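Okay, so here's the structure we're looking at.
The values are calculated or read from the model by the stated rules, or taken from the named source; none is laboratory data. None of the values given here were measured: they were computed from a predicted structure. Cβ sites come from the backbone with ideal geometry, for glycine too, and all protein chains shown count toward neighbours. Only protein heavy atoms, including side chains, enter the accessible area calculation; ligands, DNA and RNA are left aside. Shrake-Rupley method; radii C 1.70, N 1.55, O 1.52, S 1.80 Å.
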Amino acid sequence: MQTNPLLALFGGALLLLGLIAFFIGRAKAARVRAAGVAMHAQPDQYAWFAVLATAGPALLVSALGAFVMLLLGAEIPVPYLLAGSLIIAALGLMFGINKAKPDFHARQAIERVIGWILIGAALISIFTTFGILFSIVFEALRFFQMHSFWDFITGTVWNPGASFLVAAGRGDEGGAAAQFGSVPLFAGTFMITAIAMLVAIPVGLLSAIYMSEFAPARVRTFAKPTLEVLAGIPTVVYGFFAAITVAPIIVNVAGFFGLDASFNNAVAPGLVMGIMIIPFISSLSDDVINSVPDSMRQGSLALGMTKSETIRDVVIPAALPGIISASLLAVSRALGETMIVVMAAGMRPNLTANPLEDMTTVTVRIVAALTGDLEFESAETLSAFALGLVLFAVTLSLNLVSVIMIRRFREKYRVNNL
Amino acid sequence: MNHSFDEISAQLKKRHRKSARLKWISMGALGLAGLFLVLFFSDMLNKGLPAFQQAYIQVEVDYNEDATRMGRAAMDREISSLVSRSFERLIPGMIRDNPDLLGTSEQRWVLANSQVDQYLKGHRNKLSEEERARVDELAESGQVELKFNTTFFTNGDSKMAESAGILAAVVGTVMTMLVTLAIAFPIGVMTAVYLEEFAPDNRLTQLIEININNLAAIPSILFGLLGLAIFINFFGVPRSSPLVGGMTLALMTLPVIIIATRTALRSVPDSIRHAAFGVGCSRWQAVRDHVLPLAMPGIMTGSIIGLAQAMGETAPLIIVGMVAFIPDVGISFTNAATVMPAQVFTWAGEPERAFVEKTAGGILVLLSILIALNATAVVLRKKFERRW
Amino acid sequence: MNMQVAERESNAMSSQQSGQPVTRNDSANHELSIRVRDLNLWYGQNQALKNISLDIFQKNVTALIGPSGCGKSTFLRCLNRMNDLIPSVRTEGLVEMDGRDVNDARMDEVALRRRVGMVFQKPNPFPKSIFENVAYAPRMHDLVSRKAEQEELVEQALRDAGLWNEVKDKLHQPGTSLSGGQQQRLCIARAIAVKPDVILMDEPTSALDPISTATIEDLMDKLKKQFTIVTVTHNMQQAARVADYTAFFHLGEVIEYNDTKTMFSNPHTKKAEDYITGRYG
């Protein structure tokens, strides 16, 4: 915490230098101009250039220093680093003021710097993706050094706590070592995703058909934003709804038919997730259906087809790539959804085809592994990153396929429409 | 060969009947989605509205010597089992702070415990038969009442349902959102300006574009893994702090702001840019002085929507530890904090019945804020909507 | 034809500026297909068609010409009620086919369109195979059921549309893979496969190159042996080449309706003459 006043001091000094640069730079440029010499830029622009020359390199150096310290673990004493930066700032100040001459293009120089800053901002999104990728891959690799990748992908027993059983002298029950077979987790994930899609795709698609083909304009302007409300509800709220309201209903209904359902059954989170995803499907499908050229509908109607026949046989097939792409995005979203399953699905890895039993998902295990009081280095914690890696790979490919499909769709109708 | 209208119409009957079905089914689907929405909101209101009322009880507080050690001693034993322990714990401190109180006594309205509260609301509770009779009696004489629950809006979290409140989470949300906005807004707008106004159409630009679209679709929990591995473990940002939460959410909000800003920039017609170039503006000056101000309403709308989205996000915050138990309201960027959805999550995990109500109450507060934000965005859009 | 109708008819005709009412200009193949009387149409507040009275004769090509925005396409779309798709449109007046008022509430517009087909300005094949583009509607209308019948019908329609030789080896490729002119002929094949009485063509060649245009014009000439054709065109040479009758539209009114020869050699109205000689339009 002792670096904080130091940082404040550094910031203050830099600010002061910047102010000095601004005023001296402007004064100098104004003086030159007052003497009647034509200059390439306005005095303010020279002033700003001086400020940039002062602060830019200094900040860069200090950031670089901080990065080197973190990355390479090299010890550079913070005061020296900051003092060095300040010296560079002073040098930059002199350089900047010196540059306030008639033949210097201050505006172009500033705009070049701004251009670089903008590119830098744009690159942050790339860094984010790489950040996600690297953070996951490195930790996942460490996990795969402890447990074989093959066992992880094909194993049917997920039992990270088994090592504790060994320690407690109950080794016979849980096997000799912790087991990280992810098949039951993926099975659970796919089961819940499948249930969600069974709800979301028909309801979402049919709603979109109604809104874009049948509904009067008044209904449409009202219904579309209302449906989108479903997408704006936080997932934690859906999770609560699934666990407290829907799950008991499912248990009761199952009981009515003489079936035994767990309170952490897969149907409740799947159903609620489906409701959450309805607006994704409906609004994307609605866009796609609307972008099917009207000439196609007219062509069909002019042959003596009814409206519904036109929709079923012409509009939907034409919109199909877009609809599939929307559904893929929805699947990707369902696979990665966390809160609903954390709150409403089970914790027990359970390889079963019965949706009324409790089962767990990839995201649930990630949360469970990272919220306990375990050492970060433990295999269980690292297993979260291995699961995250698979999740990343699957959702990334779904997203990419979906993006490519929708792009093809757009191009197709742009060409046909011209 | 050709058929008459009557023949054709007769053939068509069946097809028309079949066709009508699609209309009704699709209408039903929309209705079903609407029904879900209605069910959901009525369920939340039903469960959450009682949280805004809380049982209070009028007690005779006797500030005696024993009460300096154990607050319970200040009250009649039969009554004290109905009073919230959060009040009992306050008594010794009150006497210490104000020694004149010692030896006096007074009638006070204090928080009843959650069992009394649940009993009065007709929910399951653990009161004994005697206690129930006593509460009935007190209610009869007006000494136990359901009043507006100010505690819920002035307290942080508590293990005792009756004194648990949302304020610490609200403050945490505000701090986190400040960080998010401070990072995501400038970077997002700059990225969009670059892509829309400056970028050449090359591989790098395409890569950035694909990447942004992809980021918008990556599961939020993976951002949490990034926050944990890079911000916390690598850069040493304090765990559970609004700083790390805000940074993580900023990365998630970035694509939303970029996409909204690009749309807003694109809707500014080129004639504006050409006019600016015509009077000798450089590209940057044209953007700064003419294009950006015109696009601002659209950018603001998009940012508000992005903010609302970030505000409801929970999963990545759990991973970076923002599910801490925060009893005190603290305004700090680096200390442990919680946010509203995380508070909802914590409460949802409490086994006690009274917390279900708190959870739903917290949800109602959260939803109200989100609805207010989205309504602001809609109003903003309507107000500044402009046709070129 | 009873007296009343005949009277109304002559009234309608006399209200027109054309010298010689076409209804009387008869010959052997001048059997009435569609009778239009006092047709008015509004888009919201704007009147787009004013008191149109026109007879369309069977197994002839009737061309509708006039400057753009004159209402010729709108009129065409009244004949199979495609204007119903535009919510703000309101029509009044009589469009009679086969003794039935087309705009009558009891008239099923689906049945009407089954008998009055349409080919559009831009080719709009369905996103299906070439075969399916043609076979789809007849199958839905129960004109054919067995596979062999379908194949026979598709071949016949494609032959009639002059496309068979070009596509017979690739019937299962998507219809959109064809060139523009081929796509348009596919749309014509699609329309004739349902065996309508009338085919409406809304500037069918305006999106095509000259060679495809010539092919389609030849086709129209052949098709009029089986079908009544009404075509909108802004190309006067085309009207002169293919049409038996020509109606000149201007600002929502029919200024002159005559057999094509008369129209182009000796128009009765000044406006038509000015338009045809290229003074405006």
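Can you spot a residue in the stretch A:101-119 that is surrounded by 18 or more Cβ atoms within 10 Å (Cβ to Cβ), touching a residue at least 12 places away in the same chain (Cβ under 8 Å) and more than 14 Å from chain B (Cβ to nearest Cβ)? Yes: one or more hits. Looking at B:127, B:167, B:138, just one residue is at pLDDT below 85, open to solvent by less than 60 Å² (accessible area, probe 1.4 Å) and more than 14 Å from every other protein chain (Cβ to nearest Cβ), and that residue is B:127. If you filter the stretch B:181-212 down to residues that are assigned to a helix (DSSP H, G or I), without any contact (Cβ under 8 Å) to a residue 12 or more places away in the chain and not hydrophobic (A, V, I, L, M, F, W, C), you find that the one that is nearest to the other protein chains (Cβ to nearest Cβ) is B:194.
Where residues in the stretch C:239-281 are of a type in the set (A, V, I, L, M, F, W, C) and in a strand (DSSP E or B), which of them is nearest to the chain's Cα centre (by Cα)? Looking at residues that are of a type in the set (A, V, I, L, M, F, W, C) and in a strand (DSSP E or B), I get C:247. For the stretch B:261-276, does any single residue satisfy the condition of being open to solvent by 40 Å² or more (accessible area, probe 1.4 Å) and facing chain A (nearest Cβ under 10 Å)? No: zero hits. Examine the stretch B:359-368 for a residue that is surrounded by fewer than 16 Cβ atoms within 10 Å (Cβ to Cβ) and within 26 Å of residue A:242 (Cβ to Cβ), and state whether such a residue exists. Taking every residue of the stretch B:359-368 in turn, at least one turns out to be surrounded by fewer than 16 Cβ atoms within 10 Å (Cβ to Cβ) and within 26 Å of residue A:242 (Cβ to Cβ). Within the stretch A:233-260, the set of residues being under 17 Å from residue A:188 (Cβ atoms) and either at the interface with chain B (Cβ under 9 Å from one of its Cβ atoms) or in contact with a Pro (Cβ under 9 Å, 6 or more places away or on another chain) (or both) comprises A:239, A:242, A:243, A:247. Considering only the stretch A:207-219, I want to know if a residue exists there that is within 28 Å of residue B:366 (Cα to Cα) and among the basic types (Lys, Arg). No - not one qualifying residue is present in the stretch A:207-219. Residues that are within 10 Å of chain B (Cβ to nearest Cβ) and touching a Leu at 6+ places or on another chain (Cβ under 6 Å) within the stretch A:337-368 comprise A:362, A:366, listed in sequence order.
Taken over the stretch A:282-308, residues that are out of contact with any helix residue (DSSP H, G or I) (no Cβ under 6 Å at 6 or more places or on another chain) and open to solvent by less than 10 Å² (accessible area, probe 1.4 Å) amount to 2. Selection within the stretch B:229-251: residues that are at the interface with another protein chain (Cβ under 9 Å from one of its Cβ atoms) and touching a Phe, Trp or Tyr at 6+ places or on another chain (Cβ under 9 Å). The member of this set that is farthest from residue A:130 (Cα to Cα) is B:233.
A single member of C:223, C:186, C:219 is crowded, with 24+ Cβ neighbours inside 10 Å, of a type outside the set (Gly, Ala, Ser) and in contact (Cβ under 8 Å) with a residue 40 or more places away in the chain, and it is C:186.
In the stretch A:242-264, the residues that are within 16 Å of residue A:359 (Cβ to Cβ) form Cβ pairs under 8 Å with partners that are open to solvent by 70 Å² or more (accessible area, probe 1.4 Å) and acidic (Asp, Glu), at six or more places apart or across chains, as follows: A:254/A:260. Within the stretch B:74-93, the presence of a residue that is within 14 Å of chain A (Cβ to nearest Cβ) and surrounded by 13 or more Cβ atoms within 10 Å (Cβ to Cβ) is excluded. Restricted to the stretch C:112-127, and to residues there that are more than 13 Å from residue C:191 (Cα to Cα) and at pLDDT 90 or above, the residue that is surrounded by the most Cβ atoms within 10 Å (Cβ to Cβ) is C:112. The requirement of being within 14 Å of chain B (Cβ to nearest Cβ) and surrounded by 15 or more Cβ atoms within 10 Å (Cβ to Cβ) is not satisfied by residue A:81. When the stretch C:26-69 is filtered for residues that are of a type in the set (A, V, I, L, M, F, W, C) and modelled with pLDDT under 90, the ones remaining, listed by number, are C:28, C:32. Which one of C:176, C:262, C:213 is surrounded by fewer than 22 Cβ atoms within 10 Å (Cβ to Cβ) and within 28 Å of residue C:32 (Cα to Cα)? Within the list C:176, C:262, C:213, the selection yields C:262. If we scan the stretch B:158-166, do we find a residue that is in contact (Cβ under 8 Å) with a residue 12 or more places away in the chain, assigned to a loop (DSSP other than H, G, I, E, B) and among the β-branched types (Val, Ile, Thr)? Scanning the stretch B:158-166, I find at least one residue that is in contact (Cβ under 8 Å) with a residue 12 or more places away in the chain, assigned to a loop (DSSP other than H, G, I, E, B) and among the β-branched types (Val, Ile, Thr), so the answer is yes. Considering A:326, A:334, the condition of being more than 10 Å from every other protein chain (Cβ to nearest Cβ), surrounded by 21 or more Cβ atoms within 10 Å (Cβ to Cβ) and not in a loop (DSSP other than H, G, I, E, B) is satisfied by A:326 alone. One residue stands out among those in the stretch C:81-103 that are under 18 Å from residue C:32 (Cβ atoms) and in a loop (DSSP other than H, G, I, E, B): the one that is nearest to the other protein chains (Cβ to nearest Cβ), which is C:98. A single entry from A:403, A:390, A:394, A:364 fulfils the requirement of being at pLDDT below 90 and in a helix (DSSP H, G or I): A:403. Residue B:217 - would you say it is open to solvent by 20 Å² or more (accessible area, probe 1.4 Å) and either assigned by TED's automatic domain parsing to the domain that holds residue B:335 or out of contact with any Cys (no Cβ under 7 Å at 6 or more places or on another chain) (or both)? Considered against the rule, which asks whether it is open to solvent by 20 Å² or more (accessible area, probe 1.4 Å) and either assigned by TED's automatic domain parsing to the domain that holds residue B:335 or out of contact with any Cys (no Cβ under 7 Å at 6 or more places or on another chain) (or both), residue B:217 comes out as yes. Any chance the stretch C:127-136 includes a residue that's within 20 Å of residue A:310 (Cβ to Cβ) and away from every other protein chain (no Cβ under 12 Å)? Scanning the stretch C:127-136 turns up at least one residue that is within 20 Å of residue A:310 (Cβ to Cβ) and away from every other protein chain (no Cβ under 12 Å). Cβ-Cβ contacts under 6 Å between residues 6 or more apart (or on different chains), taken from a first residue in the stretch A:291-318 that is more than 7 Å from chain C (Cβ to nearest Cβ) to a second residue that is among the acidic types (Asp, Glu), are listed as A:311/A:213.
On the stretch given as the stretch B:337-354, residues that are more than 12 Å from the chain's Cα centre (by Cα), assigned to a helix (DSSP H, G or I) and crowded, with 20+ Cβ neighbours inside 10 Å total 4. Restricting the first member to the stretch A:134-152 and to residues that are at positive phi and within 14 Å of chain B (Cβ to nearest Cβ), and the second to residues that are modelled with pLDDT under 85 and open to solvent by 50 Å² or more (accessible area, probe 1.4 Å), no beta-carbon pair is closer than 6 Å while six or more apart or on different chains.
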